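The values are calculated or read from the model by the stated rules, or taken from the named source; none is laboratory data. Everything quoted here is computed from the prediction, not taken from an experiment. The area values use the complete protein model at the heavy-atom level, side chains included, leaving out ligands, DNA and RNA. Shrake-Rupley method; radii C 1.70, N 1.55, O 1.52, S 1.80 Å.
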Amino acid sequence: MENRDLLLFSPKTPIHIAGPCSVESAEQIEETAAFLSKFGVPVLRGGTFKARTFSSSFQGLGEEGILMLARAAHHNGMACVTEVMNEDQLAFALPHVDMVQVGARSMFNYPLLTAIGKAGIPVILKRGMGATIDEWLAASEYIATEGNPNIILCERGIRSFETATRFTLDVAAIPIARRRSVFPVIVDPSHAAGESSLVFPLARAAMAAGASGIMVEVHPDPLLALSDGKQSLDFQSFELLHRELTAVCNALESLK
Ligand code: PEP
Ligand code: MN
């Protein structure tokens, strides 16, 4: 798949991965891809097999969703990523997507990590919400020892006693993981924040603390989203975040 060559990091944007929590329809993902591609976002995200807390919640469009995601991304010159939770989902996703995501709830799924290692596909490894930095980095070794070095570590907030945010973004994990690992570290402020207005300060903090990039949830109409609408940015907010993070990156450059 030619988009695999894009592998991730374009210096043109601090927001490397964006898109809805879930792929909901061909129109929704196409509209989002068309919008994000104008900002040079290299990777379109979209959940298709969803790891939801409640079994009664929207579980994703599955295989059909993967096809919609891949079509929208590739046709707009983007790469794409979706979460897989088991080996069957991985096998279906492999020929279509450019990257897979291991979600926070799957970070300890060692057979899945091994299978992704064998597959060799680029992978975003989210930190488990109850995982120490050492456990997270040890999980990355399961993938790497199978011969797959295309790993991106993603801090997405850990569980703490604090309930004002959905999770507690562990900003210190960014420099620590960078120091202890050879893999790039990105941050997902959306799942840590739990609400869209908090995505801005968390994303700015993440970049300032040394993250190589940001992954954010973006939806054409967050109020209608089938998952994580509260934390999703609408297009106007995305534009503002993009502007803010570009300024943060320029300020950081001037410190070098
Ligand atoms: C997601 O990216 O939509 C997701 C479910 O993330 P996490 O695994 O970090 O909760
Ligand atoms: Mn989500």
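Express as a percent, rounded to the nearest 5, the fraction of DSSP beta bridges in the range 103-205 (both residues included) that run antiparallel.
Of those bridges, close to 10 percent are antiparallel.
When N is the residue count of the range 121-256, what does its C-alpha Rg come to as a fraction of 2.2 N^0.38 Å?
1.07
Rounded to the nearest 500, what is the chain's calculated 222 nm mean residue ellipticity when only DSSP H runs of at least 4 contribute -39500 (n - 2.57) each, over all residues?
After summing the helix terms and dividing by residue count, I get -12000 deg cm²/dmol.
Please say if the chain is rounded, prolate or oblate, where rounded means a/c under 1.5 for a ≥ b ≥ c the square roots of the C-alpha gyration tensor eigenvalues, and otherwise the choice is prolate for a/b larger than b/c and oblate otherwise?
Cα axes put the chain in the rounded bin.
Roll a 1.4 angstrom probe over the protein heavy atoms and tell me the percent of accessible area of the chain that is carbon or sulfur.
55 percent
Just the number, please: percent antiparallel of the DSSP beta bridges in the chain, rounded to the nearest 5.
Around 5 percent antiparallel, to the nearest 5.
What number comes out for accessible area per residue over the chain if the probe is 1.4 Å? Units Å², please.
I get 42 Å² per residue for the chain.
Give the lysines whose C-alpha is closer than 23 Å to that of K230, dropping any in the same chain fewer than 8 places away, or say none.
Result set, ordered by chain and number: K50, K126.
Could you tell me which helices of the chain pass both thresholds, a Cα extent of 18 Å or more along their own axis and a mean Kyte-Doolittle hydropathy of at least 0.0, with helices taken as whole DSSP H runs?
Taking the DSSP H segments of the chain (at least 18 Å long, mean hydropathy at least 0.0), we get 62-75, 196-208, 235-255.
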